[in-house]
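To keep things clear, I will list the structure first and then write my remarks on it.
The values are calculated or read from the model by the stated rules, or taken from the named source; none is laboratory data. None of these values were measured; they are calculated from a predicted model. Here the Cβ positions follow ideal geometry from the backbone for every residue, glycine too, while neighbour counts run over all protein chains shown.
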Amino acid sequence: MTIVSMNVGLPREVEWQGQIITTGIFKDPIRGRRMLRTLNLDGDGQADLEVHGGTHKAAYCYPSEHYSYWKRELRRDDLPYGTFGENFTTEGLDEESVHIGDEFSIGTARVVVTQPRMPCYKLGMRFKSNEMVKRFLASRRSGFYLAVTREGEVGVGDAFQRIVQHLAGVRVSDITRVYVAKTYGPDDERIVHKALEVDALPESWKEHLRRRL
């Protein structure tokens, strides 16, 4: 379980559907080591701080294994790491094996998994397709966000070492499913009740799940 690419980018202005949009979704791979801090990775930035960044979204991880799927799905070979706006392109981690509240060490930093990614229109802008948001959600290949519990240096090749697997056992894929599900069955309700016990899950997610119950 390692970082295969580390990607950063500062907000830039992009023309999209007749408007000028400021976005930080464009990330490029970098070399060397960077400090992973409470709010972000050094050299990275977010445009809309109301919905991006912050302590619960200090860094975004996306599995490298998903890139082969998207190359087939989109019929594109020009998808370098960082295309999905991730800070860490990972190997050996996915939404089925990672749980909300799991704690990892990376380099000298320590992090906790907080939530899946729910895409906004800027993902569609990145791919120049209004359908991309729906396709991303339908794929269930969401990636996941990290909060930083100990700042430290990270770099390509660093291992994600799981220190704690949260006892609730709510996978990233589970929480994505119950977030978007139109109706709940008994299994979904059990997952929601477990998720509400995970301290790392942001309160905004918990409020949404309580309303759904």
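Worth a mention:
- Residue satisfying condition, being over 16 Å from the mean Cα position of the chain (by Cα) and either over 20 Å from residue 46 (Cα atoms) or acidic (Asp, Glu) (or both), within set 177, 140, 162: 162
- Test: residue 51 is farther than 21 Å from residue 147 by Cβ, surrounded by fewer than 19 Cβ atoms within 10 Å (Cβ to Cβ) and either at pLDDT below 95 or among the hydroxyl-bearing types (Ser, Thr, Tyr) (or both): no
- Scanning the stretch 12-43 for residues that are under 17 Å from residue 84 (Cβ atoms) and out of contact with any helix residue (DSSP H, G or I) (no Cβ under 6 Å at 6 or more places or on another chain) yields a total of 10.
- Matching option when the condition is part of a loop (DSSP other than H, G, I, E, B), of a type in the set (A, V, I, L, M) and either modelled with pLDDT under 90 or exposed (fewer than 14 other Cβ atoms within 10 Å of the Cβ) (or both), among 79, 39, 93, 10: 10
- The stretch 15-35, subset of a type outside the set (Ser, Thr, Tyr) and in contact with a Lys or Arg (Cβ under 9 Å, 6 or more places away or on another chain), residue modelled with the lowest pLDDT: 16
- Scan of the stretch 165-206 for residues that are among the charged types (D, E, K, R) and either under 13 Å from residue 98 (Cβ atoms) or part of a loop (DSSP other than H, G, I, E, B) (or both), ordered by number: 171, 174, 182, 197, 199
- In the stretch 106-146, residue surrounded by the fewest Cβ atoms within 10 Å (Cβ to Cβ) [restricted to those that are among the β-branched types (Val, Ile, Thr) and modelled with pLDDT of 95 or more]: 108
- Meets criteria (among the aliphatic types (A, V, I, L, M) and over 14 Å from the mean Cα position of the chain (by Cα)) for residue 30: yes
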